[in-house]
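> One structure is given below, represented as structure tokens, and several questions about it will come after.
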Amino acid sequence: FGGSLGSVALNDAVVNGFKTHAYIAYFNGIPISLVCFLSNGKEGYISKVSTIPAFRRKQVASSLMQYAISQQRKKGVQEIVLVTDKHSSNEKFYTFNNFVEFGQAFAFDVTDVSKYKHFLNNNEIKE
């Protein structure tokens, strides 16, 4: 997309034992896309993915998400869950980026979804 990717620690904020981190894509020095990440060293949650309309469908968010995941992998994060609304208009985007839907979330390299059952509808686990 011709811009740059970066990351910003959010004042080393800790939420329920998870450190917060923002990954930001810039174009000409202006922030154009954001991925918010929470992690505890093993598990990671993507809580927000956003791109300004003029830069959507140009691989900006995909590049930024893959960058965020690779940076978190370097920190030891093994499993990643993307928290979203059940019928998100972004479902195709998430599956395109190798996330697998389960309940009200999407998982990336998660081996045991049962430990995330609070995201599942009626605590129903598909095996």
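> Would you say Ser33 is in a strand (DSSP E or B) and at pLDDT below 85?
On the way: in a strand (DSSP E or B): yes; at pLDDT below 85: no.
No; evaluated as a whole, the condition is false for this residue.
> Sticking with this structure for a sec: Out of all the residues in the range 96-109, which are at negative phi, at pLDDT 60 or above and over 12 Å from the mean Cα position of the chain (by Cα)?
Phe96, Val100, Glu101, Phe102
> So Ser50 clears everything in (1) in a strand (DSSP E or B); (2) polar (S, T, N, Q); (3) surrounded by 18 or more Cβ atoms within 10 Å (Cβ to Cβ) except one condition, right? Which one?
The one condition Ser50 does not meet is (3).
> Failed condition for Leu38, given (1) open to solvent by less than 30 Å² (accessible area, probe 1.4 Å); (2) touching a Ser or Thr at 6+ places or on another chain (Cβ under 7 Å); (3) within 23 Å of Val77 (Cβ to Cβ), with all others met?
Only one criterion is unmet by Leu38, namely (1).
> Right, another one. With the condition kept exactly as written, say whether any residue in the range 76-93 is modelled with pLDDT of 85 or more, exposed (fewer than 15 other Cβ atoms within 10 Å of the Cβ) and in a helix (DSSP H, G or I).
The answer is no, given that none of the residues of the range 76-93 is modelled with pLDDT of 85 or more, exposed (fewer than 15 other Cβ atoms within 10 Å of the Cβ) and in a helix (DSSP H, G or I).
> Mind counting the residues in the range 1-30 that are open to solvent by less than 70 Å² (accessible area, probe 1.4 Å), outside any strand (DSSP E or B) and modelled with pLDDT under 75?
1
The values are calculated or read from the model by the stated rules, or taken from the named source; none is laboratory data. These numbers were taken from a predicted model, which means no experiment stands behind them. Here the Cβ is made from the backbone with ideal geometry for all residues, glycine too, and neighbour counts use every protein chain on show. Only protein heavy atoms, including side chains, enter the accessible area calculation; ligands, DNA and RNA are left aside. Shrake-Rupley method; radii C 1.70, N 1.55, O 1.52, S 1.80 Å.
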